[in-house]
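A.B. asks: Quick one: structure below, then a few questions.
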Amino acid sequence: MFHSALRAGLFAGAVFSASFAMAAELAMVSGDTGNGLAFLQSQLKKFEADTGNTVKVVPMPSSTTDQFGQYRLWLAAGNADIDVYQTDVIWAPQLADQFLDLTDAAKDVVKDHFPSIIESQTTNGKLVAIPAFTDAPALYYRKDLLEKYGKPVPKTWEEMAATAKEIQDKERAAGAKDLWGLVFQGNAYEGLTCNALEWVKSFGGGQIVEANGDISINNEKAAKALEMVKGWVGTISPPGVLAYQEEEARGVWQTGNAVFMRNWPYAYALGNGADSAVKDKFGVAPLPAATAGDKPAATLGGWNVAVSKYSKHPEEAIKLALYLGSKEVQKQRAIDQTNLPTIVSLYDDADVAKAAPIIPQWKEVFMNAVPRPSAPTKVKYNEVSSLFWSAVHDTLSGNGTAAENLEMLEAKLTDLKGAGW
Ligand code: GLC
């Protein structure tokens, strides 16, 4: 009895190791917001079971800026301990030399993704990463509070600020002492570049650096947009908003302490979670515009999966990247995480639409989203963005006027540009 069980066990073991002879121990880095890491782990279990590989996840801070700083150092040092990186949409031109070309490996699946997203991950003909999800922000609003005060969903920033103020004042008077009108991402990091690009672009103030490489940010419309937002800090937005990233904004919102929030779609699923004070009480709309009839602007975000050229297991690592960008994983991601797929057909998928109505609703928004100037500024994008978010943060903190700070920013960007980007 014992012997035959043992023999059966040994036999199964032999089959197991034969079919998984090439199995590898992979390491992947990922920072994420909400329960993104837990979701990743759940998907990796399936990959491990299917391939026999194991994947260790090295968790990173959720700030994309902090991640980038660390990855750039590791990759410059030829770090072979990390095989796979979860990468922000803006990184491809900056890190292209350190990642493997996935063109061949992905040749059968690229046609399933939005061409613009594949293009964003292609540098000099090299496919640097496989898209995992795309991102475009929403104005989250409290349906119950807008209804209570008879207010429509605001279409302009001015209307949003007036509604925020009125509801904040009246609700506070009625005892909701901690309520604020609006939360957003005001910390000095990449997230502020995203928020500020939306304010500036919606005012007609351009895209910081235009597609042809021209530095356009020093203009009156951009200054006007930033002065408007400065007026929000400490009135409709908590003074602490200047230290908020995505998760701090969501924290205030999800405990029921904000009328409006600017955030990415991931906050939709979490906001409707069982532990959320705003479950079933909120809606999402495109961000406001400068004046009625103007176009709003949403910054294009998104995450991808890249393979380090220093990986000792490139084949298995590429399989992992393809798996994490696959339709199967993207569908589950859309359903569980309300992350926007990069695979076109998932926008017509009935299961997705039922579980996550924001997804089909957001196709238009992300297709019209504004890219940050990572393509024209190439390897200098991070410096460009960091000079921009610093100028914005200074302005919002009362450290110089918008006009002064944008003038200085233009001079610094011109220096950085030198003879060309
Ligand atoms: C989101 C976006 C990403 C952006 C980041 C800024 O994660 O997907 O592209 O850089 O927010 O905080």
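A.B. asks: Sort out which residues of the stretch 56-70 are open to solvent by 20 Å² or more (accessible area, probe 1.4 Å) and of a type outside the set (Asp, Glu), and write them in order of number.
C.D. replies: Across the stretch 56-70, the qualifying residues are Lys56, Val57, Val58, Pro59, Met60, Pro61, Ser62, Thr65, Gly69, Gln70.
A.B. asks: Looking at (1) hydrophobic (A, V, I, L, M, F, W, C); (2) touching a helix residue (DSSP H, G or I) at 6+ places or on another chain (Cβ under 9 Å); (3) closer than 16 Å to Leu300 by Cβ, can you tell me which one Ala369 breaks?
C.D. replies: (2)
A.B. asks: Examine the stretch 316-329 for a residue that is assigned by TED's automatic domain parsing to the domain that holds Gln43, aliphatic (A, V, I, L, M), touching a residue at least 12 places away in the same chain (Cβ under 8 Å) and within 16 Å of the ligand (Cβ to nearest atom), and state whether such a residue exists.
C.D. replies: Yes, the conditions are met somewhere in the stretch 316-329.
A.B. asks: Report the residue count in the stretch 310-368 for those that are open to solvent by 60 Å² or more (accessible area, probe 1.4 Å), touching a strand residue (DSSP E or B) at 6+ places or on another chain (Cβ under 8 Å) and under 26 Å from Glu48 (Cβ atoms).
C.D. replies: Number satisfying all stated conditions: 2.
A.B. asks: List every residue pair whose Cβ atoms lie under 7 Å apart, where the two residues are 6 or more positions apart in sequence or sit on different chains, the first residue falls within the stretch 57-84 and is within 18 Å of Ala317 (Cβ to Cβ), and the second residue, located anywhere, is aromatic (Phe, Trp, Tyr) and within 16 Å of the ligand (Cβ to nearest atom).
C.D. replies: Tyr71/Tyr85
A.B. asks: Anything in the stretch 261-279 that is in contact (Cβ under 8 Å) with a residue 60 or more places away in the chain and more than 19 Å from the chain's Cα centre (by Cα)? List them, or say none.
C.D. replies: Result: Val278, single match.
A.B. asks: Could you list, in sequence order, all residues of the stretch 276-309 that are buried (at least 18 other Cβ atoms within 10 Å of the Cβ) and not in a strand (DSSP E or B)?
C.D. replies: If the condition is that a residue be buried (at least 18 other Cβ atoms within 10 Å of the Cβ) and not in a strand (DSSP E or B), then Ser276, Val278, Pro286, Leu287, Pro288, Ala290, Pro296, Ala297, Ala298, Leu300 are the ones that fit.
A.B. asks: Something else now. State the number of residues belonging to the stretch 285-315 that are on the phi < 0 side of the Ramachandran plot and more than 16 Å from the ligand (Cβ to nearest atom).
C.D. replies: The qualifying residues number 19.
A.B. asks: I'm trying to understand the selection: among the residues of the stretch 112-125, which are within 19 Å of the chain's Cα centre (by Cα) and open to solvent by less than 50 Å² (accessible area, probe 1.4 Å)?
C.D. replies: Answer for the stretch 112-125, where residues must be within 19 Å of the chain's Cα centre (by Cα) and open to solvent by less than 50 Å² (accessible area, probe 1.4 Å): His113, Phe114, Ile117, Ile118, Ser120, Gln121.
A.B. asks: I would also like to ask the following. What residue, of Val128, Val109, Val153, is open to solvent by 30 Å² or more (accessible area, probe 1.4 Å), under 30 Å from Val307 (Cα atoms) and not polar (S, T, N, Q)?
C.D. replies: After applying the criteria, what remains is Val109.
A.B. asks: Oh, and also: In the stretch 85-115, how many residues are without any contact (Cβ under 8 Å) to a residue 40 or more places away in the chain and of a type in the set (Gly, Ala, Ser)?
C.D. replies: Qualifying residue count for the region: 1.
A.B. asks: Somewhere in the stretch 139-150, is a residue in a loop (DSSP other than H, G, I, E, B) and modelled with pLDDT of 95 or more?
C.D. replies: Within the stretch 139-150, one or more residues are in a loop (DSSP other than H, G, I, E, B) and modelled with pLDDT of 95 or more.
A.B. asks: Please enumerate the residues belonging to the stretch 244-267 that are within 14 Å of the ligand (Cβ to nearest atom) and open to solvent by 30 Å² or more (accessible area, probe 1.4 Å).
C.D. replies: Within the stretch 244-267, Tyr244, Gln245, Glu247, Glu248, Arg250 qualify.
A.B. asks: Then there's this: Determine whether Lys201 is within 16 Å of the ligand (Cβ to nearest atom), basic (Lys, Arg), in a helix (DSSP H, G or I) and within 22 Å of Lys155 (Cβ to Cβ).
C.D. replies: For Lys201, the condition - within 16 Å of the ligand (Cβ to nearest atom), basic (Lys, Arg), in a helix (DSSP H, G or I) and within 22 Å of Lys155 (Cβ to Cβ) - is met.
A.B. asks: Does the stretch 94-123 hold any residues that are more than 25 Å from Lys363 (Cα to Cα) and part of a helix (DSSP H, G or I), and which are they?
C.D. replies: Those that are more than 25 Å from Lys363 (Cα to Cα) and part of a helix (DSSP H, G or I): Gln94, Leu95, Ala96, Asp97, Gln98.
The values are calculated or read from the model by the stated rules, or taken from the named source; none is laboratory data. These figures come from a predicted structure and were not determined experimentally. Glycine gets a Cβ as well: all are built from the backbone with ideal geometry, and neighbour counts include every protein chain shown. Ligands, DNA and RNA are excluded from the accessible area calculation, which covers all protein heavy atoms including side chains. Shrake-Rupley method; radii C 1.70, N 1.55, O 1.52, S 1.80 Å.
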